[in-house]
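Encoded as structure tokens, the structure appears first; notes follow it.
The values are calculated or read from the model by the stated rules, or taken from the named source; none is laboratory data. Fair warning: this is a prediction, and the values are worked out from it, not measured in the lab. For neighbour counting, all protein chains shown are included, and Cβ atoms are generated from backbone atoms with ideal geometry for every residue, glycine included. Note: areas computed on protein heavy atoms with side chains; ligands, DNA, RNA excluded. Shrake-Rupley method; radii C 1.70, N 1.55, O 1.52, S 1.80 Å.
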Amino acid sequence: MLDEDRAAAALTALGVRSGAVLLVHASLRSVGPVEGAARGVLGALRRAVGPEGTVVVPAFTTENSDTSPHYRARVRGLDAAAVDAVRASMEPYDPAVTPAPSMGALAETVRTAAGAGRSAHPQTSFAALGPGAERLLAGHRADCHLGEDSPLARLYEADARVLLLGTGYATCTAFHLGEYRMDRPPRRSYRCVVAARGVRQWWEYEDVALDDGDFAALGAAFEESAADGDVRIGRVGAADCRLVRLRPAVDFATDWLTEHRAATVR
């Protein structure tokens, strides 16, 4: 079993530095047994970035939307009355208490940790721990999932690193910022449950049509052409891991997505 000291040492060997801003995607199952489970992993992360570093995780909440794949899977095959019951049971987003069960144990551990902050978006919030949390999470507009008015843009400005801890590029949320930076990206409608002045209501808004279906191929192409130091590869426990500079990854994604998605519609 990996203890916190050895996990922190493995993260440092991978390239995580004191003072870093770190956006983490984690599969704890891939890492294997860690003393303290998700809390032990968070302890190792915070030890690796030190007191001046900040750990950030996605804390997305697809469970309160009826335009999400999660909802479509949940109501598939149900009759109208059962669908109405599902919709009536969906709770409005509250950054203080709404869980993010689909994001995994580490994300929930960060979200619920003492001193953690969380951004305001009712669908694609981020949670963070560390001195940079407030600045990174502020101003997350409710009609901007993952664009210029989201923590991803603040992470870009901060020259953050993305830690893929036992996960692959298919889960690399940072690539979505590249979607926003394409010329005239496609848009679509979204709908979710919110609380306006304490009243539960459905809210519909328009934003960029998010699509991570080609992110694995995008990541492979980025890694193949990445400059020295932009991608570091190593192991933490049983997991193959990558530490990626967010800025060049997003810049590459913007160009790659522009070229490859345009080709698919020609």
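Assorted remarks:
- Accessible surface, per residue, of the range 30-122 when the full set of protein chains is kept, probe 1.4 Å, Å²: 46 Å²
- Accessible surface, per residue, of the range 128-266 when the full set of protein chains is kept, probe 1.4 Å, Å²: 48 Å²
- For the set Ser65, Ser89, solvent exposure ranked by accessible area (probe 1.4 Å, protein chains only) runs largest to smallest as Ser89, Ser65.
- Summary value for the chain: 22 percent relative contact order, contacts being C-alpha pairs under 8 angstrom separated by 6+ residues.
- Cα gyration tensor shape of the range 90-221, rounded if a/c is under 1.5, else prolate or oblate by comparing a/b with b/c: oblate
- Dipole in debye (nearest 20) - the range 145-206, about Cα centre, beta carbon charges: Lys, Arg +1; Asp, Glu -1: 280 debye
- Solvent-accessible area, 1.4 Å probe, carbon plus sulfur percent, for the range 133-266: 47 percent
- By accessible area, using a 1.4 Å probe on protein heavy atoms only, the range 1-77 has 52% of its surface on carbon and sulfur.
- Segment Arg200..Asp251, full-extension length gain: 14.5 nm, with 0.36 nm per residue of separation and the alpha-carbon distance subtracted.
- Amide H contacts of Val162: Leu23, Val244, Arg245, Leu246, each under 5 Å away and 5 or more positions distant or on a separate chain (H built 1.01 Å from N in the peptide plane; Pro and chain starts excluded).
- Relative to the Cα centre, the charge distribution of the range 128-266, modelled as +1 at Lys and Arg Cβ and -1 at Asp and Glu Cβ, gives a dipole magnitude of about 480 debye.
- Estimated inter-spin distance, Arg235 and Arg39, nm [label 7 Å along Cα→Cβ]: 2.9 nm
- At full extension, Asp5 and Glu224 could sit 75.6 nm farther apart than now, given 0.36 nm per residue minus the alpha carbon distance.
- Close amide-amide hydrogen proximity is noted between His140 and Ala120, each under 5 Å apart and 5 or more residues distant or on a separate chain (H modeled in the peptide plane; Pro and chain starts excluded).
- Net dipole in debye of the chain [+1 Lys, Arg Cβ; -1 Asp, Glu Cβ; about Cα centre; nearest 20]: 360 debye
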